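Presented below is the structure to which this report refers.
The values are calculated or read from the model by the stated rules, or taken from the named source; none is laboratory data. In this text, all values refer to a predicted model and were calculated from it rather than measured experimentally. All Cβ positions, glycine included, derive from the backbone under ideal geometry; neighbour counts span all protein chains shown. Just so you know, the surface numbers come from the protein's heavy atoms only, side chains and all, with ligands and any DNA or RNA stripped out. Shrake-Rupley method; radii C 1.70, N 1.55, O 1.52, S 1.80 Å.
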Amino acid sequence: MNHVFFKRYTHVRLKRYTHEQMSLTYWFVFVYDREEKDVLRVKELNGKYLNRAITPEEKEEWMAGIKGALNVLDLQRIEWNTRLIGEFELLKLTVKTKGWKYGDIPKVSDFIRILDNVQKIRDAWALMSGTPNTPTLPLTTYQKWNDIEKIMHDISFTYGRSVEDISYCGELYAGEGIGTI
């Protein structure tokens, strides 16, 4: 997970790119491979922190934002991806996003908004056969967060592939001869 990305680039700076350029680059980061061992590691580090037995290396790992816990970096990434995917030229969706900062506490209304956005995006484009359904509240398991990011990944991927193929549907690419004598 590259959280430095969120500090270095702003949405305004990225507006200079076309939707084709954005869809064919690596602007997106998706984390949908969380596992139970990640959650167990978070619980272990939390326990060590509370008992003041955490080492400096473990504290650094804990503060960096590990996959087993939902943190501000995860919410920033999900909102970022939602906004960019919603702005794809062929989708033109109206999604509501929020800027997250350290210390913000998510509310149920935030989770409802995130799920509504994911469902809008899921409904707006072609799906891959393995794309999961939009999860339901409560968002209390790592599997549900995996599903949210997997949906976003799959839509971004299929959109990017479709945009790549658009140029091959015109006269020059359809096998027609031009300039023949």
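Quick look at the numbers
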quantity	calculated
Residue-wise HN-Hα coupling along segment 103-114, computed from phi with Karplus coefficients 6.51, -1.76, 1.60 (Hz; x: Gly, Pro)	x, 5, 10, x, 10, 4, 5, 5, 5, 4, 4, 4
Rg/Rh for segment 40-127, where both radii come from Cα atoms and Rh is the Kirkwood radius	1.12
Theoretical gain in end-to-end length, Lys37 to Gln143 [0.36 nm per residue, Cα-Cα removed]	36.9 nm
Leu50 accessible area, assembled protein chains, probe 1.4 Å, Å²	140
Length released on extending from Lys48 to Leu91, taking residue separation times 0.36 nm less the Cα-Cα span	10.8 nm
Å² of accessible area per residue within segment 37-161, as computed with a 1.4 Å probe and no ligands counted	55
Segments 70-83, 52-65 sorted - mean Cβ within 10 Å per residue, highest first	70-83, 52-65
Phi to ³J(HN,Hα) by Karplus 6.51 cos²θ - 1.76 cosθ + 1.60 over segment 35-44, Hz, x for Gly, Pro	10, 4, 4, 5, 5, 4, 5, 4, 4, 4
Theoretical FRET efficiency, 1/(1+(r/R0)^6), r = Cβ-Cβ of Thr55 and Phe157, R0 45 Å, to 0.05	0.70
Bins of 5 Å from zero: percent of alpha-carbon pairs in segment 78-132	4, 18, 27, 23, 16, 8, 4, 1
Those lysines that a straight Cα-Cα span of less than 30 Å connects to Lys120, excepting residues fewer than 8 apart in one chain	Lys7, Lys15, Lys67, Lys92, Lys96, Lys98, Lys101, Lys107, Lys144, Lys150
